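Worksheet for the structure shown next.
The values are calculated or read from the model by the stated rules, or taken from the named source; none is laboratory data. Here the structure is a predicted model, which means the values were calculated and not measured. Methodologically, a virtual Cβ is constructed for each residue, glycine included, from the backbone with ideal geometry; neighbour enumeration extends over all protein chains shown. Only protein heavy atoms, including side chains, enter the accessible area calculation; ligands, DNA and RNA are left aside. Shrake-Rupley method; radii C 1.70, N 1.55, O 1.52, S 1.80 Å.
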Amino acid sequence: MAENAIEIEGLRKVYAASGGEKPKLALKGIDLNIPAGSIFGLLGPNGAGKSTLINILAGLVVKTAGRVRIWGFDQDVNPRQSRAAIGVMPQELNMDPFFTARASLDVQAGLYGVPKAQRRTAEILEMIGLTDKADAYARTLSGGMRRRLLLGKALVHQPRILVLDEPTAGVDIELRQMLWANVRKLNAAGTTIILTTHYLEEAEEMCDEIAIINHGAVIARDSTAALLQRLDAKTLVIVPEGEVPHLPAVPGATSVTRRGDGALIFDYRRGRITAGAILDAVRAAGIVVRDVSSADPNLEDVFLSLTSGALAAEAAQ
Ligand code: ADP
Ligand code: MG
């Protein structure tokens, strides 16, 4: 087993100018390793570059520069092997409406060169819950069923790596549960899973490791547990009576800053100091406290603080 399912070095993508649009730098030189066997989350706001990254992995978008290895195979040196190692469930619901569900899976298997005898069409139909729709045309399937079919298509060649691009954006709870149950089963059987999402709870629940991507760059990369530990970071906002000439020294606080309106912002870690101790230190410095508020950050805040500036500024609004 490869140690890393995916190895990405210096990956850049510039979409060429078209129709009056300027060229778009979508990926700014990304380095990222994704360990084999994990459920890996690629998190980021709309336009961050998640689909671009995934579509490059899938061979659907041509990179501008950089190196991509999939299951040890360099995409440029061994395109066939690297393509065979990965299956992608795309974000967009594009499929051939004139094929039946069964035919869609068969055609896809053919594209990947899976011999007839080795096709698992019936098994896949069962897994995605479309056995009774096997002979229905894709255009007659509901949105949720089409999505399930897209998952099935990603699996026809039994890829070691399964990539799901925003699989649950706008889907109902039932489909979401069905997807996650399948993802967990595939992962338990050894498939490396990469999923993009902008739902933080989802990443928290599903993923062992997370990379946060914004404006075409990876801004955080950690185990989910370590990212959650950042939640230990808290913020206390103290509004003083009148103007405070000097910021009080509070040993134990991570940082002390002054907001535009004069409020004092204390970033601290729950494990190191309490809000009460900070208040005591502020009063001991001779500051009269008019108002106090605190913010309980969650992964959303960590995300916001990484993507749009200081946590303190967020908390203070
Ligand atoms: P995400 O999946 O994180 O929402 P995308 O990878 O789809 O982000 O897009 C990243 C950036 O690249 C965005 O600014 C988007 O507008 C731009 N982009 C994506 N696809 C194209 C394309 N085919 N041509 C030009 N620009 C594109
Ligand atoms: Mg996308």
Q.
Translational diffusion coefficient of the chain at 25 °C, 0.890 mPa s, Stokes-Einstein with Kirkwood Rh over Cα pairs, in µm²/s as a whole number.
A. 111
Q) Given q = 0.15, 0.29 Å⁻¹, what are the Debye log10 I(q)/I(0) values for the range 39-95, with equal point scatterers placed on the Cα positions and solvent ignored? A) -0.47, -1.30
Q: May I ask you to compute the full-extension gain from Arg290 to Tyr15, defined as 0.36 nm times their residue separation minus their alpha-carbon distance, rounded to one decimal in nm?
A: 93.7 nm
(Q) What distance in nm separates the two pseudo spin-label positions at Glu201 and Arg270, each 7 Å out from Cα along the beta-carbon direction? (A) 1.8
(Q) Quick check: net charge around Val288, other residues with Cβ under 14 Å of its Cβ, Lys/Arg +1 and Asp/Glu -1? (A) -2
Q. All other residues with a Cβ under 9 Å from the Cβ of Ile39 taken together, and with Lys, Arg as +1 and Asp, Glu as -1, what is their net charge?
A. -1
Q: With the cut-off at 23 Å, report for the range 1-137 the share of all Cα pairs above it, as a whole percent.
A: 47
Q: Restricting things to alpha carbons, find the Rg to Rh ratio for the range 131-244 using the Kirkwood radius for Rh.
A: 1.16
Q: Return an integer: the convex hull volume of the alpha-carbon atoms of the range 232-296, in Å³ per residue.
A: 75
(Q) Could you work out the pair-distance distribution P(r) of the range 92-155 from its alpha-carbon pairs, with 10 angstrom bin width and percents rounded to whole numbers? (A) 24, 60, 15, 0
Q | Relative contact order (%) - the chain, alpha-carbon pairs under 8 angstrom, separation at least six | A | 18
**Q.** Inter-site label distance for Arg259 and Asp172 at 7 Å from Cα along Cβ, in nm
**A.** 4.3
Q: Determine which residues of the range 209-230 fall in the zone a paramagnetic label at Lys28 would reach in this model, i.e. backbone nitrogen under 13 Å from the point 7 Å along Cα→Cβ.
A: 213-220
Q. Computed FRET efficiency, Cβ-Cβ of Lys185 and Tyr112, R0 22 Å: what is it to the nearest 0.05?
A. 0.55
Q | Hits among lysines - C-alpha to C-alpha of Lys13 under 24 Å, sequence gap 8 or more where chains match | A | Lys22, Lys24, Lys28, Lys50, Lys63
Q: Assuming R0 = 30 Å, can you tell me the calculated FRET efficiency for the pair Leu60 and Asp222, based on Cβ-Cβ distance, to the nearest 0.05?
A: 0.60
Q: Add +1 for every Lys or Arg and -1 for every Asp or Glu among the other residues with Cβ under 13 Å from the Cβ of Tyr137, and state the total.
A: +2
Q. How large is the helix-only mean residue ellipticity at 222 nm for the chain, computed as the sum of -39500 (n - 2.57) over DSSP H runs with n ≥ 4, divided by its residue count, in deg cm²/dmol to the nearest 500?
A. -9000 deg cm²/dmol
Q: Please work out how much accessible surface Glu241 shows to a 1.4 Å probe, ignoring ligands, DNA and RNA, in Å² rounded to 10.
A: 100
